[in-house]
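A short worksheet on the structure shown next.
The values are calculated or read from the model by the stated rules, or taken from the named source; none is laboratory data. All values derive from a computational prediction rather than experimental measurement. All Cβ positions, even for glycine, are placed from backbone atoms using ideal geometry, and neighbour counts span all protein chains on display.
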Amino acid sequence: MTALANRDAVERVPGTPLDRAIRAHQAGNFAEAQTLYERALRASPDQDAVLYLAGVCHLQRGAPGEAIPLIERVLASRPDFAAAYSNLGTALNAVGRYHDAVERYEQALAIDPDLAEAHNNLGNALVALNRAQEAIAHYRAALALRPHYPEAHKGQGDALAAVHRHVDACAHYEAAVALRPDYVDALNNHGNSLMVLLRPKAAIALYGRALDIAPGFAEGQGNLGAALAAVARHDEALACFDTAIALKPGYAEAYYSKANSLAALGRTDEAIAHYRQAVGLDAGYAAAHFNLGTVLAGRNRHAEAVAQYERTLVSDPDYPDAVWNRSLSLLALGRFREGWSGYESRWTRTAALTLPNAELPVWTGAAGVEGQAVLIQHEQGYGDAIQMMRLVACLEGSGRRCVIQAPPALSALLARSFPNAHVVPLGHCPSDVACRIPVMSMPLALRLFSESEIPAAVPYLVADAHKVAQWTARLRAGGAPPGTPRVGLVWRGLGTHANDHNRSLSLDTLSALLRRTGIQFVTLQKGVTPTESHQLAGHDNALVVDEALESFDETAAVMAALDLVISVDSAPAHLAGALGKPTWVLLPFSADWRWGLARDDSPWYPTARLFRQQTVGNWSGVIATVGAALDDWRPCP
């Protein structure tokens, strides 16, 4: 990075301090050389070449602050000394004076555009100033002047990575390592780009090579741990993080990454402690505050989670996931006014969340649309739509005409349930519609800010009476004695749901209920697998009807012919509640916001009873409690 220009132009008398200084400098004995340069300067203080060499020696021995005044003295009398400007820039860069460094490199290049080191080091300063796009041109110039320049290849890789051109960055890291096989920083940064490219296995190999060369490289240990965690090798990752922390006790990123692995292993108390270590070391560590909030929310500690999400936003105001997660915790706490407002962040959280008819203005609850048609737009899941359809009556009661965009599975049910509304397919919009409202924005627009304001009257969905009669007859013909209670069962949600692994349970676990006599169970589960069909065939009291459930209208008719529905937190639970059917909802330890905290009833569905996991993942305890409740349950006459 430095140049020893003009060293050989100094008049050298063998055996003098200056001659010995240059020889020591050439041999890399910087401390000895420095002492001898200082002796030469005491004899003759104004020797520009000696001042320059002494400054370069300071720079090479890691004392850039002492180099700066010496090189500045040289430039005061030699303003055309390009190499001196370049080395002064390097000294300024080393002490964090990046703007000054850029100016000096530019002065060097104005005098001598062919200084490869100046182009390379100017690139380094520009990257430090987050001006990576400008840096790319200077690294390119350095490599044009010196194609086999490993530092310039590594620097170009860093600049390209900074502008998210990671494939191109990898090529330059490879070139740097080909020229210098022990180039630890290039190996490490190549691994970092591979991680962004979702190639953790390849990154693991590179981090391993870097650590073979420099086992005391704390950041390399942390990066290897993160790559191992990305392929679910969490126990190995934890060992790397522990090594990184031992090497660098103040390494906040290692505590954070270790917390992520602990959380993935279900060791949440330890994860919480390590996230707190990370934010204790770096109070502005937005991702650590966010993940701490997420783990706390998963323990139903939502008030603490809200505080962490707010700290995330102090550190990084442009953190949409923090706004979103905070809204979910606020809703779980019943703080609807703040929660519904934050819930609107879903539109900025992901570009993929868009709705048709975007040219229409969104109705936010303002007055002045009485008598006009409002387009209610389906979004997210079926359960969300079913839950919020209760608000159609509120809109109609205030003089608004409702047009409901509905997916095919809901169309017939909604058309029957809301005869004054106009139900249209998704994407369709009559010409007289004045504005639109996404279904999950309705609570905010209607100022639904407390539990007492929830319209909880049920039923607000109406099953097809003819289909109900057909299903009643079919269930009676199912072989159970007359008067046998009929109970519907749903044990799985849609596998594409982000939280389905927590909210669903196996039929094996549910089978403890099926062993009860005196009840006819009707499986309302869609998509029963061959294995599940085989299991159900062993229970004479289980009637499988999944192939007949073509739509929610059909499912509603079956439910209307039942005495009780038992369901995990999925759309059928909402459907049963909206029909006013006695509904038992099976909830994971950290349930969705709409079921609140700890309670066993629901302000949304007065006929619902909630059964919650008491420890994370413990479905057998829930089923045991449900079984005991079934033993005491009698259907309403």
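Worth pointing out:
- Looking across segment 249-272, the residues that are under 21 Å from Ala232 (Cα atoms), surrounded by 16 or more Cβ atoms within 10 Å (Cβ to Cβ) and either of a type in the set (Gly, Ala, Ser) or in contact with a Phe, Trp or Tyr (Cβ under 7 Å, 6 or more places away or on another chain) (or both) come down to Ala254, Tyr256, Ser257, Lys258, Ala259, Ser261, Ala263, Ala271.
- Of the helices (runs of 4 or more DSSP H) lying entirely inside segment 470-572, those containing at least 2 residues that are closer than 28 Å to Ile386 by Cα and touching a helix residue (DSSP H, G or I) at 6+ places or on another chain (Cβ under 9 Å) span 507-514, 552-560.
- Arg503 vs. criteria in contact with a Pro (Cβ under 7 Å, 6 or more places away or on another chain) and surrounded by 16 or more Cβ atoms within 10 Å (Cβ to Cβ): yes
- Pairs meeting the criteria (first residue in segment 15-26 and closer than 11 Å to Leu53 by Cβ, second residue aromatic (Phe, Trp, Tyr) and at pLDDT below 85, beta carbons under 7 Å, at least 6 apart or on different chains) are Ala21/Tyr37.
- Among the candidates Pro430, Pro482, the residue that is loosely packed, with under 15 Cβ neighbours inside 10 Å and more than 30 Å from His539 (Cβ to Cβ) is uniquely Pro430.
- Qualifying residue in segment 446-469 (condition: among the β-branched types (Val, Ile, Thr), out of contact with any helix residue (DSSP H, G or I) (no Cβ under 6 Å at 6 or more places or on another chain), modelled with pLDDT of 95 or more and part of a loop (DSSP other than H, G, I, E, B)): yes
- Within segment 344-373, the set of residues being surrounded by fewer than 14 Cβ atoms within 10 Å (Cβ to Cβ), polar (S, T, N, Q) and under 18 Å from Leu448 (Cα atoms) comprises Thr364 only.
- On the stretch given as segment 438-488, residues that are under 20 Å from Leu549 (Cβ atoms) and within 34 Å of the chain's Cα centre (by Cα) total 0.
- The residue list Glu134, Glu151 contains one member that is of a type outside the set (Lys, Arg), in contact with a helix residue (DSSP H, G or I) (Cβ under 7 Å, 6 or more places away or on another chain), without any contact (Cβ under 8 Å) to a residue 24 or more places away in the chain and closer than 26 Å to His190 by Cα, which is Glu134.
- Qualifying residue in segment 101-116 (condition: at pLDDT 95 or above and under 35 Å from the mean Cα position of the chain (by Cα)): no
- Unique residue being in contact with a Cys (Cβ under 6 Å, 6 or more places away or on another chain) and at pLDDT 95 or above when the list is Leu179, Leu228, Leu224, Leu145: Leu224
- If you go through segment 180-201 and keep only what is surrounded by fewer than 17 Cβ atoms within 10 Å (Cβ to Cβ) and in a helix (DSSP H, G or I), you end up with Val196, Lys201.
- Test: Gly55 is among the small types (Gly, Ala, Ser) and part of a loop (DSSP other than H, G, I, E, B): no
- Checking every residue in segment 364-382 against the condition of being in contact with a helix residue (DSSP H, G or I) (Cβ under 9 Å, 6 or more places away or on another chain) and in a helix (DSSP H, G or I) gives at least one match.
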